[in-house]
Amino acid sequence: MVASGTFGYGFDAPQVDRSALGAMVTKGTTRAARTGNPPVRIAETASGMLNAIGLQNPGVDYVAQTYAPQWVEWDLPVIVNIAGESIEDYVEVARRLDGRPGVAGIELNISCPNVEAGLQFGVDARLAAQVTEAVRAATEMPLMVKLTPNVTDLVGIARAIEAAGADSISAVNTYLGMSIDVARRRPALANGLGGLSGPAIKPLALRAVWEVASAVEIPIVGVGGIFTAEDALEFLLAGAAAVQLGTVNYVRPDAARLVRDGIVAFAADSGLPDLGDIALRPRRKAVHV
Amino acid sequence: MTVATLRRATVLERSAPMRTAVELVLHEPEAAVAAKPGQFFQLGVDAQHTLLRRPYSIAWANPDLGRIGFIFSVVGAGSAWLGAREAGQPVELLGPLGNGFATPGPDRTAVCIAGGLGIAAFVGLVKGRDRLGRRTVVLLGARSSDWLLPADRLRGAEVRVATDDGSAGHTGRVTALLPRALHDDVELFMCGPNEMLLAVVRSCRELGFPLERVQVALETPMGCGIGTCLGCALPARGGGYLLACQDGPCVTADRLDWDRMDGI
Ligand SMILES: Cc1cc2nc3c(=O)[nH]c(=O)nc-3n(C[C@H](O)[C@H](O)[C@H](O)COP(=O)(O)OP(=O)(O)OC[C@H]3O[C@@H](n4cnc5c(N)ncnc54)[C@H](O)[C@@H]3O)c2cc1C
Ligand SMILES: Cc1cc2nc3c(=O)[nH]c(=O)nc-3n(C[C@H](O)[C@H](O)[C@H](O)COP(=O)(O)O)c2cc1C
Ligand code: FES
């Protein structure tokens, strides 16, 4: 599948053969429309890029009324990535998407600051569980929760999210980083800090999936720096059930097809009938899903 | 919505139009037909540790010969890699992308004000107008004469030059040449560093020249080039942002919030 924020709402991407995708995850969507952060919003770094887009999006009502009816026509499940500043925000966004034809599921982006608590939902196991539980109660749709890696106890947070009723976990969002424009003696991004993505984070994301896979039973979707079929296979071997492609979409619009074809070829070459079983450390069967 | 096409072009020729820039001539017949002045391509770069394509204005296109020209300076790893491409080697193109310049009416004079490599965006525009026998004035500013595109590349236009160090033309900022050039029949085009764009807008306001008649070719760091990453946002008048890659790169200057453009 394609990762949130790297494919918009699916209408601008060029030449992407939707049949090469298992699912599409949309840009982070909030209760009200957001204009996003001031520029400069992106900067390239060694084998990666930093972004501080600021969740620019047209708001959940526009998405539900204008985009969702178009997705109905696609033979591709569309998962809406949702974000908020309070638990009520998240719940309201989920409620307005619940049961909409065209919306196949929800990915909960918990890398957003909670205005009341003053810290991100995703960095605190209790807050992460609270928001997962609240959204779980608001929707019957498949619920995937996306981990932020900028934490100390990733495994503890993943366990709390599983216990709170998530159907699956995507790991991981971007790593906080920064870049400084030496000539102008100021941070390259107007926001100062940004989220690092791309090949630079792949080993880190892989470790996150490896550790979480041994701690929870629900399926894990691996994301972070995947550019090739081999990268994707590493995540499957680490215990992921599926992968998301992010930054690579900017670089190679046909990446999803190349990765999928590469995985299929690998399975054929190695005589593996079921890629679901290739994890290096066998995973116990999922209880929900 | 931009319909972007990924294409494989071949380098026909590499040259140095001035000491500080490289001109790359690529062969890709369909792209050359589709390309309009003011639009851009995202050029694939295969340098070590780089990731994203690099956006470059179409300097000129020759649809009959299937050629597209790009003129750029080497500022980092991506431009260094592109500037080292040799005849026969492939370069990947995504595009043409974005909105080009709106064509002024036949009785209008086009005044193109460019800072440094901003001139690249105007080479094809000048050529096209020359062919139609329309009047064009180019106000070209640069640090020094080393950075000036030779006037014979702007045939048919009246070229007036300013350099910071006085090594050619007027000594000082190119915006000093504006008051004499802005008449009632003028459509103004600008491309260059942000500081220059801001200075031009200030001059236009002082001279009472409406920003609706100023077209700007925007340059800002880009990720995707096609509207999906939201990385190329610039402040829009009335609030929010527009996307340089999708709403631009060519927009009329009244669509931007120049107070918030300051300092970007
Ligand atoms: C629509 C568009 C058209 C352009 N047309 C031309 C052109 O015709 N000729 C030309 O010489 N340049 C042009 N540029 C600028 C060009 O894209 C950058 O110089 C190039 O991407 C730098 O890549 P690099 O890897 O060499 O440098 P990097 O190492 O990426 O950056 C080197 C320096 O350039 C700055 N920079 C990076 N990207 C941009 C950017 N997009 N715009 C301005 N500064 C940037 C960085 O902040 C840094 O200071 C254009 C940019 C845009 C958006
Ligand atoms: C420009 C950009 C915007 C992003 N926007 C979102 C977002 O809105 N919500 C979200 O959960 N993740 C967002 N992400 C994170 C990606 O979905 C992904 O988790 C991350 O980029 C790591 O994967 P990659 O290295 O394959 O890009 C964004 C990433 C980028 C580069
Ligand atoms: S460069 Fe990605 S949206 Fe404009």
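The values are calculated or read from the model by the stated rules, or taken from the named source; none is laboratory data. Keep in mind the model is a prediction, meaning the values are calculated, not measured. Reconstructed Cβ throughout: ideal geometry from the backbone, glycine too, with neighbour counts over all protein chains shown.
Of all residues in the stretch A:246-279, which are within 14 Å of chain B (Cβ to nearest Cβ), in contact with a helix residue (DSSP H, G or I) (Cβ under 9 Å, 6 or more places away or on another chain) and not aliphatic (A, V, I, L, M)? Can you show your working first?
First pass over the stretch A:246-279, keeping only residues within 14 Å of chain B (Cβ to nearest Cβ): A:246-258.
Narrowing the set further to residues that are in contact with a helix residue (DSSP H, G or I) (Cβ under 9 Å, 6 or more places away or on another chain) leaves A:247-249, A:252, A:254-258.
Residues satisfying the conditions are A:Thr247, A:Asn249, A:Arg252, A:Asp254, A:Arg257.
Would you check if B:Leu24 is outside the structural domain of B:Ala142 (by TED's automatic domain parsing) and not in a loop (DSSP other than H, G, I, E, B)?
Against the criterion (outside the structural domain of B:Ala142 (by TED's automatic domain parsing) and not in a loop (DSSP other than H, G, I, E, B)), B:Leu24 qualifies.
Does the stretch B:193-206 contain any residue that is within 16 Å of ligand 2 (Cβ to nearest atom) and within 14 Å of chain A (Cβ to nearest Cβ)? Please lay out each step first, then the result.
To start, the set of residues in the stretch B:193-206 that are within 16 Å of ligand 2 (Cβ to nearest atom) comprises none.
Within the stretch B:193-206 (the criterion being within 16 Å of ligand 2 (Cβ to nearest atom) and within 14 Å of chain A (Cβ to nearest Cβ)), the answer is no, since none of the residues qualifies.
Yes or no: the stretch B:221-232 includes at least one residue that is surrounded by fewer than 18 Cβ atoms within 10 Å (Cβ to Cβ) and either acidic (Asp, Glu) or within 16 Å of ligand 2 (Cβ to nearest atom) (or both). Steps first, answer last, please.
Residues of the stretch B:221-232 that are surrounded by fewer than 18 Cβ atoms within 10 Å (Cβ to Cβ), as a first pass: none.
So far as the stretch B:221-232 goes, no, none of its residues is surrounded by fewer than 18 Cβ atoms within 10 Å (Cβ to Cβ) and either acidic (Asp, Glu) or within 16 Å of ligand 2 (Cβ to nearest atom) (or both).
Within 12 Å of ligand 1 (Cβ to nearest atom), in contact (Cβ under 8 Å) with a residue 12 or more places away in the chain and either within 15 Å of the chain's Cα centre (by Cα) or within 9 Å of chain A (Cβ to nearest Cβ) (or both): which single residue out of B:Gly225, B:Gly231 fits that description?
Residue meeting the stated conditions: B:Gly225.
With the condition kept exactly as written, say whether any residue in the stretch A:76-90 is over 21 Å from A:Leu127 (Cα atoms), more than 16 Å from ligand 3 (Cβ to nearest atom) and surrounded by fewer than 18 Cβ atoms within 10 Å (Cβ to Cβ).
Checked the stretch A:76-90: at least one residue is over 21 Å from A:Leu127 (Cα atoms), more than 16 Å from ligand 3 (Cβ to nearest atom) and surrounded by fewer than 18 Cβ atoms within 10 Å (Cβ to Cβ).
When you scan the stretch B:234-247, how many residues do you find that are in contact (Cβ under 8 Å) with a residue 60 or more places away in the chain and of a type in the set (A, V, I, L, M)?
Number of matching residues: 1.
Answer with yes or no whether B:Gly263 is of a type outside the set (Val, Ile, Thr), surrounded by fewer than 17 Cβ atoms within 10 Å (Cβ to Cβ) and away from ligand 2 (no atom under 16 Å from the Cβ). Before the answer, list the steps.
Values: of a type outside the set (Val, Ile, Thr): yes; surrounded by fewer than 17 Cβ atoms within 10 Å (Cβ to Cβ): yes; away from ligand 2 (no atom under 16 Å from the Cβ): yes.
Yes: the conditions hold for B:Gly263.
Output the residue which, of all residues in the stretch A:162-192 that are of a type in the set (Ser, Thr, Tyr) and within 14 Å of chain B (Cβ to nearest Cβ), is farthest from ligand 1 (Cβ to nearest atom).
This residue is A:Thr174.
What's the number of the only condition in (1) within 10 Å of ligand 2 (Cβ to nearest atom); (2) within 25 Å of A:Phe121 (Cβ to Cβ) that A:Val216 fails to meet?
Of the numbered conditions (1) within 10 Å of ligand 2 (Cβ to nearest atom); (2) within 25 Å of A:Phe121 (Cβ to Cβ), the odd one out for A:Val216 is (1).
Condition check: part of a loop (DSSP other than H, G, I, E, B), at the interface with chain B (Cβ under 9 Å from one of its Cβ atoms) and within 15 Å of the chain's Cα centre (by Cα). Does A:Gly5 satisfy that?
yes
Contact list please: Cβ distance under 7 Å, first residue in the stretch B:72-90 and in contact (Cβ under 8 Å) with a residue 24 or more places away in the chain and part of a strand (DSSP E or B), second residue within 16 Å of ligand 3 (Cβ to nearest atom) and not hydrophobic (A, V, I, L, M, F, W, C), pairs at least six apart or on different chains.
These pairs meet every condition: B:Phe72/B:Tyr56.
Regarding A:Gly102, is this residue on the phi > 0 side of the Ramachandran plot, within 11 Å of chain B (Cβ to nearest Cβ) and part of a loop (DSSP other than H, G, I, E, B)?
No; evaluated as a whole, the condition is false for this residue.
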